[in-house]
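Take a look at the structure below.
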Amino acid sequence: MGESTDEGEDARIDRLRAWFAGSLGESLQAIEAHRLREVLPALPGTFAVQCGWLGRRDLLESSPTAVHVLVDPQPAANGPQWVAGRAEALPFDSKSVQVMVLPHSLDVSAAPHQLLREAHRALVPEGHIVILGFNTASLWRVPCLVRRPAARPPWCGGWIGVRRLRDWLSLLDFELTQGVMLYYRPPLRRQRWMDRLFFLERMGDRWWPLGGAVYVLVAKKRVAGVTPILPALRRARVRTVSQPAGARYG
């Protein structure tokens, strides 16, 4: 797990919201949103939930489900229908949600195990959970090794490694169906340097496929009695578009 501070969960969320409003955060979430526009259309259902509103984006916009709901303590000015609440105590009946998106929800949660248990409770059998989180094995982790920037976003949360998260999902009877890494550039402050390093998005999948700043995992709630084989995290290929694009599966 990544560095964390003694500040409360609400304070960490506020810090990350401010960070996502900056140039680096906006760039990162543009790639995340692009990837979700490729993932969500393939996930069927009628009811989709986004847990958390860090980047002020409607990440469910491409979901084919009829109903989109955002769960967050604070109302959203632009986005899906808002329901006051937290991901650790979802205000939904058991087995009522088909698709659930957790955009860095585990990174800021004070109770990540409880959050995943709630997601499992609320999802219907064969329902899908989509998790976005900061990767502990990326270049973004380097500052934590040479100094202690834990009070600064995005390092002020509790990062959860892919291997650990896969174990947690398996214990909750989730089947991992997709996995990809995004954003291979280091977290530099100057936008012009970030623009110059965009070539790393095309090279990252080939040379360090598990080194992206963010992982996207898609898992399906298993039907009782079925034990599928978990696939390995697959490498991604980046498609170049007019603005930074997300990675695609090979």
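Kindly provide the set of residues from region 124-157 that are surrounded by 23 or more Cβ atoms within 10 Å (Cβ to Cβ), touching a Lys or Arg at 6+ places or on another chain (Cβ under 6 Å) and modelled with pLDDT of 80 or more, ordered by number.
Those that are surrounded by 23 or more Cβ atoms within 10 Å (Cβ to Cβ), touching a Lys or Arg at 6+ places or on another chain (Cβ under 6 Å) and modelled with pLDDT of 80 or more: G127, H128.
Just give me the residues in region 65-87 being small (G, A, S), loosely packed, with under 15 Cβ neighbours inside 10 Å and not in a strand (DSSP E or B), in sequence order.
A66, A77 - these are the residues of region 65-87 that are small (G, A, S), loosely packed, with under 15 Cβ neighbours inside 10 Å and not in a strand (DSSP E or B).
If you check A66 against the conditions, is it among the hydrophobic types (A, V, I, L, M, F, W, C), closer than 21 Å to V124 by Cα and in contact with a Gly (Cβ under 7 Å, 6 or more places away or on another chain)? Talk me through it step by step, then tell me what you get.
On the way: among the hydrophobic types (A, V, I, L, M, F, W, C): yes; closer than 21 Å to V124 by Cα: yes; in contact with a Gly (Cβ under 7 Å, 6 or more places away or on another chain): no.
The answer is no for A66.
Working only within region 13-55, note down all residues that are closer than 22 Å to A110 by Cβ and among the charged types (D, E, K, R).
Across region 13-55, the qualifying residues are D14, R15, R17.
Do we find a residue being surrounded by 20 or more Cβ atoms within 10 Å (Cβ to Cβ), in contact with a strand residue (DSSP E or B) (Cβ under 6 Å, 6 or more places away or on another chain) and either among the hydroxyl-bearing types (S, T, Y) or in a loop (DSSP other than H, G, I, E, B) (or both) anywhere in region 37-44?
So far as region 37-44 goes, yes, one or more of its residues are surrounded by 20 or more Cβ atoms within 10 Å (Cβ to Cβ), in contact with a strand residue (DSSP E or B) (Cβ under 6 Å, 6 or more places away or on another chain) and either among the hydroxyl-bearing types (S, T, Y) or in a loop (DSSP other than H, G, I, E, B) (or both).
Suppose the filter is surrounded by fewer than 20 Cβ atoms within 10 Å (Cβ to Cβ), among the charged types (D, E, K, R), in contact with an Asp or Glu (Cβ under 7 Å, 6 or more places away or on another chain) and under 21 Å from L115 (Cβ atoms); does E9 pass it?
no
Of everything in region 45-56 that's farther than 22 Å from G179 by Cβ and either exposed (fewer than 14 other Cβ atoms within 10 Å of the Cβ) or not hydrophobic (A, V, I, L, M, F, W, C) (or both), which residue is nearest to the chain's Cα centre (by Cα)?
Checking each candidate, the answer is R56.
Got a number for residues in region 96-113 being more than 13 Å from V49 (Cβ to Cβ) and surrounded by fewer than 24 Cβ atoms within 10 Å (Cβ to Cβ)?
4
When region 33-63 is examined, which residues are found to be among the β-branched types (V, I, T) and out of contact with any Leu (no Cβ under 8 Å at 6 or more places or on another chain)? Don't jump to the end; show me each part of the working.
Step one: filter region 33-63 for residues among the β-branched types (V, I, T), giving 39, 46, 49.
Within region 33-63, V39, T46 meet the criteria.
The values are calculated or read from the model by the stated rules, or taken from the named source; none is laboratory data. Note that this is a predicted model, so its numbers are computed, not measured. Positions of Cβ are generated from backbone atoms using ideal geometry, with glycine treated the same way; all protein chains shown enter the neighbour counts.
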